Amino acid sequence: MENVQRLDCPVCGGKGTFVITTHQIDIPYFGPVLGTTMICEKCNFRKSDVFPLEVREPKRYTLKIKSERDLNKRVVRSSSAYIQIPELGVEIKPGPLAEGFVSNVEGVLNRVDNVLQTLIRWAETEEQKKRAEELRERIERIKDGKEEATLILIDPLGHSAIIGEGVEEELLSEEEVEKLKEGIVIMDIDKEKK
């Protein structure tokens, strides 16, 4: 069942232009979710997300990206999940604007590459720009099967997964769950991590 509400836009103040559409659906690996779409007809602000309607066990998924075949493994990331690629120094934390997505390993690498492109444009120093460009080159080598990396997906609410052969899956301890705190997207391009 779909529910539609019209409100004043919290971004531009447009009267009755902010349309919120919600509907309950069942998504494989997520389970039952409440899908939401928010669009302002005046300023074009847009946000979509899915909110899980059931509690699952907190899990960590680890995949060694060793070949181009691994790029096709499915990645289901809820807005509560952390993504890490330790070899690149990449850590993406959940935060207020984090969105869930369904993609594959290559899609996750492309998302990181898109952030790096933005960092290059906004870099304050040549060293930051150089580091971001080096990471982009390494991502291409990973996608070409010339360099290995590890993709780690950690979800304290258990609504995320990496799906496919060769994926290690483990339950998080209560201590690990307690240590996980919501944050923001972080990519420290000043540190060399190998």
Quiz item: Counting only the backbone N, which residues of segment 46-77 are under 17 Å from the spot 7 Å out from the Cα of Leu7 toward its beta-carbon?
Solution: 46-51
Quiz item: What's the angle, to the nearest 10 degrees (0 to 90), between helix 105-122's Cα axis and the longest principal axis of the chain?
Solution: 90
Quiz item: Rounded, prolate or oblate: which fits segment 34-130 when a ≥ b ≥ c are the square roots of the eigenvalues of the alpha-carbon gyration tensor, with rounded for a/c under 1.5 and prolate only if a/b beats b/c?
Solution: oblate
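List, in the order given, every pair from Lys64/Lys143; Lys59/Lys93; Lys143/Lys179; Lys42/Lys93; Lys47/Lys143 whose Cα-Cα distance in the structure shown is over 23 Å.
Details: Lys64/Lys143 13 Å; Lys59/Lys93 15 Å; Lys143/Lys179 32 Å; Lys42/Lys93 31 Å; Lys47/Lys143 29 Å.
Exceeds cut-off: Lys143/Lys179; Lys42/Lys93; Lys47/Lys143.
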Practice problem: Can you find, among Ser79, Leu63, Ser48, the residue farthest towards the positive end of the dipole of the chain? Put +1 on the C-beta of Lys and Arg, -1 on that of Asp and Glu. | Solution: Ser48
Quiz item: Full extension from Glu87 to Cys43: what is 0.36 nm times the residue separation minus their Cα-Cα distance, to one decimal in nm?
Solution: 11.8 nm
Quiz item: Among all the aspartates and glutamates, which ones have a C-alpha under 19 Å from Lys129's C-alpha, if same-chain residues fewer than 8 places away are not counted?
Solution: Glu87, Glu91, Asp113, Glu137, Glu140, Asp188, Asp190, Glu192
Quiz item: Using +1 on the beta carbon of Lys and Arg, -1 on that of Asp and Glu, and nothing else charged, what's the dipole of the chain about the Cα centre, debye to 20?
Solution: 580
Quiz item: In degrees from 0 to 90, rounded to the nearest 10, what is the angle of the helix 126-143 Cα long axis to the longest principal axis of the chain?
Solution: 90
Practice problem: Measure of size requested: the Rg and Dmax of the chain, with Cα atoms as the atom set and Å as the unit; please supply both. | Solution: 18.5, 54
Practice problem: Arrange the following residues from fewest to most other Cβ atoms within 10 Å of their Cβ: His23, His159. | Solution: His23, His159
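Bear in mind that the values in this text are calculations on the coordinates, not laboratory data. Worth saying up front: this structure is predicted, and the values here are computed from it rather than measured. Because the Cβ atoms are built from the backbone with ideal geometry, glycine has one as well, and the counts that use them run over all protein chains shown.
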